[in-house]
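Notes to accompany the following structure.
No value in this document is a laboratory result; all are computed from the given coordinates. No experiment lies behind these values; they were computed from the predicted model shown. Cβ placement follows ideal geometry from the backbone for every residue including glycine, while neighbour counts extend to all protein chains displayed.
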Amino acid sequence: MTGYPELYTYVNNKKMRRGHTTGTCAAAASKAAAEAILTQSPVSSVTIHTPKGITLDLPVEDLTFDSAHARCAVRKDGGDDIDATHGALVYSDVTLTDSGIDIDGGVGVGRVTRKGLDQPPGNAAINRVPRSMIREALEDVASACSYGGGFSAVISVPDGEGIAAKTFNPRLGITGGISILGTSGIVEPMSETALIDTVKTEMNMRAASGDRVLLVVPGNYGKDFSDNIPGIDSDFAVKCSNFVGEMLDHACELGTDVVLVSNLGKAVKLAAGIMNTHSRNADARMEILASNAAIAGADIQTVLRILECISTDDALEVIDSAGLVPKVSELLMEKIEFHMNHRTGGAIRTSAVVFSSVYGLLGKTSLADSMLDEVREEIGRDGA
């Protein structure tokens, strides 16, 4: 990828390099393969215009061609936002046809098996924008070479099945490989957009299956605890990571209610209205616990000891020594309920179940039990 100024951006005052998506790789490889067939000449690099408006000059690898078929690859470059697909070779096998443009996935490109995703069940997991980019790239070559026939393009990623095991694809019902993705064609460094989009995709899938109450967990702790709630199967849970606010916003768009099952380490931040729970955005865990302990009747020494703690479990030990865990938990549940409802503006029902890995269940908001019953019904229906 050439070093044009637009290929760099500033994140938190640090200059960082953008990358290009698997969709851009697929389009570039398709363009190079078509050009090699129609010109009967080797192609060492190819120019691609991305939807973001950035033009890339990408090197072509492993090109073979004859009079009607060509195969080559373009390597995925995540820039300074390295992910599981960084460095993967994305191949396109292009064959001349009588008319039209047919796009499909081959080895290492996943197949969609569930509703609610960008592509319908049965299709290769090549999303709409990459499909459009591939089509446009092939049409550009046809026009430049005065070619009036069609193309078949099969996208493959030899290492795709192994890479997919490190992604959300298995949870999303995409089997056999990775997805060919990208709405702008460009990977933004340190971007949270892709993670949030994945959360939204999981929510869309659950909603498309008919779920009206979504079971949501931040991560593996919540998932494991959910499995210990009678009648609850964490395989039906959506993982929202740190993006509680964005998850609630999208739930409002979908019209789905939310039951959040979270460990205290993340949930305590919600009690102060902090809806992105990553520590780089805000911490304040000890301040929140200390202030609520003070409201519950803790003396100054207890408050100071809480403020010196490193983890929420350590803080709970101090609170427990003062006999205040039930009262502090009650206060936290009230505040969590308030802030979740404030975020959604009452458009949907929300509830939370909060636990500690050491102390177990700490509390539930007022609607949690009844909404968990609804989740159980949905799990029973979906699993039937």
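Might you report the magnitude of the Cβ-based charge dipole of the stretch 193-383 about its Cα centre, with Lys and Arg at +1 and Asp and Glu at -1, to the nearest 20 debye? Can you show the working numbers first?
Values: 17 positive and 28 negative charges, 70 e Å.
The calculated dipole for the stretch 193-383 is roughly 340 debye.
Springs between alpha-carbon pairs under 10 angstrom, Gaussian network model over the chain: which of Ala237, Ala322, Ala271 fluctuates most?
Residue with maximal mean-square fluctuation among Ala237, Ala322, Ala271: Ala322.
If a/c stays under 1.5 just call it rounded; otherwise compare a/b with b/c (prolate if a/b is bigger, oblate if not). Do that for the stretch 149-303, with a ≥ b ≥ c from the square roots of the Cα gyration tensor eigenvalues.
Taking the square roots of the gyration eigenvalues as a ≥ b ≥ c, the stretch 149-303 is prolate.
Considering only Cα-Cα distances, which of the following residue pairs are longer than 32 Å: Lys239/Lys327; Lys166/Lys327; Lys200/Lys269; Lys15/Lys115?
Exceeds cut-off: Lys166/Lys327; Lys15/Lys115.
So how tilted is helix 285-296 from the main axis of the chain? Cα-based, degrees 0 to 90, rounded to 10.
Orientation of helix 285-296: about 30 degrees from the principal axis.
Running a GNM on the chain with Cα contacts under 10 Å, which residue among Glu61, Glu192, Glu202 ends up with the highest mean-square fluctuation?
Comparing Glu61, Glu192, Glu202 in the GNM, the peak value goes to Glu192.
Can you give the Rg and Dmax of the chain based on its C-alpha atoms, in angstrom?
Rg, Dmax (Cα atoms, Å): 25.1, 84.
Rounded to the nearest 5, what % of the DSSP beta bridges within the chain are antiparallel ones?
Just about 65 percent of them are antiparallel.
Which value, to two decimals, describes the C-alpha radius of gyration of the stretch 5-187 once divided by 2.2 N^0.38 Å?
1.00
I'd like to know which of Ile229, Ile319, Pro170 lies farthest towards the positive end of the charge dipole of the chain, counting +1 on Cβ of Lys and Arg and -1 on Cβ of Asp and Glu.
Going by the charge dipole, the pick is Ile319.
For the stretch 224-247, list residues with backbone N below 17 Å from a point placed 7 Å from the Cα of Leu361 toward its Cβ?
224-234
Based solely on its DSSP helices, what 222 nm [θ] is calculated for the chain when runs of n ≥ 4 H residues each add -39,500 (n - 2.57) and the sum is averaged over all residues, nearest 500 deg cm²/dmol?
Counting only the DSSP helices, I get -12000 deg cm²/dmol.
Across every pair of different alpha-carbon atoms, what Kirkwood hydrodynamic radius in Å does the stretch 193-383 reach?
Computed over Cα pairs of the stretch 193-383, the Kirkwood hydrodynamic radius comes out at 16.7 Å.
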